[in-house]
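Since the structure comes first, as structure tokens, the remarks are kept for the end.
The values are calculated or read from the model by the stated rules, or taken from the named source; none is laboratory data. All values reported here derive from a predicted model rather than from experimental measurement. Backbone-built Cβ (ideal geometry, glycine too); neighbour counts: all protein chains shown. Keep in mind that these areas ignore ligands, DNA and RNA; they rest on the heavy atoms of the full protein, side chains included. Shrake-Rupley method; radii C 1.70, N 1.55, O 1.52, S 1.80 Å.
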Amino acid sequence: MDLELINKEKYYAPIVHALLLQLIALLLRKYENEAIVPKEDRPTKLDLKLIEIINNNYQNITLSQLAAKTNYSEQYISQRLKASTGMSFEKYLLSRRMEEAQYLLRYTTSKINDIGYNVGYKNPATFIRAFKRFYQMTPNQFRQKTKSTHEE
């Protein structure tokens, strides 16, 4: 390969590609049993159904309610969500709530307490703490920041 790249004779590029492919094939053959190959884990119909139920009921869904709706155990649902989203039930639910909260803060004039309640928090202080942990700023700071970027 080095000589081909140095001399750059006619058709050197396809030859280098072919040699590189051959090298990769030989390495795969040699290290096939030792290689860590990620398992392809496409979302199943159940995974998509779980995500849809959470997205449509994020204000008040619990893991036990999700299990009851789908007739699967809480543990199995947790495993499926982790496999399909990379997040636990709690983290996925939190991210969904925060996504909706930031949308409402950005595009509505609703009070912060009302937004917290609308995304599933009965206590405004709990909502503000969760939002701050998620976005590293309070809902009010977020609103002010996004308001100033809209005006520019």
When (1) within 25 Å of ILE51 (Cα to Cα); (2) modelled with pLDDT of 95 or more are applied to ALA125, the one that fails is (1)
If you scan the range 95-152, which residues turn out to be touching a residue at least 12 places away in the same chain (Cβ under 8 Å), of a type in the set (D, E, K, R), surrounded by fewer than 19 Cβ atoms within 10 Å (Cβ to Cβ) and closer than 20 Å to ILE61 by Cα? GLU100
Which residue pairs have Cβ atoms under 8 Å apart, sit 6 or more places apart or on different chains, and have a first residue in the range 81-92 that is modelled with pLDDT under 95 and a second that is open to solvent by 30 Å² or more (accessible area, probe 1.4 Å) and not in a helix (DSSP H, G or I)? LEU81/MET87; LEU81/SER88; LYS82/SER88; ALA83/ASP41; SER84/ASP41; SER84/PRO43; SER84/THR44
Among residues belonging to the range 1-47 that are under 30 Å from GLY86 (Cα atoms) and among the aliphatic types (A, V, I, L, M), point out the one that is modelled with the highest pLDDT. LEU46
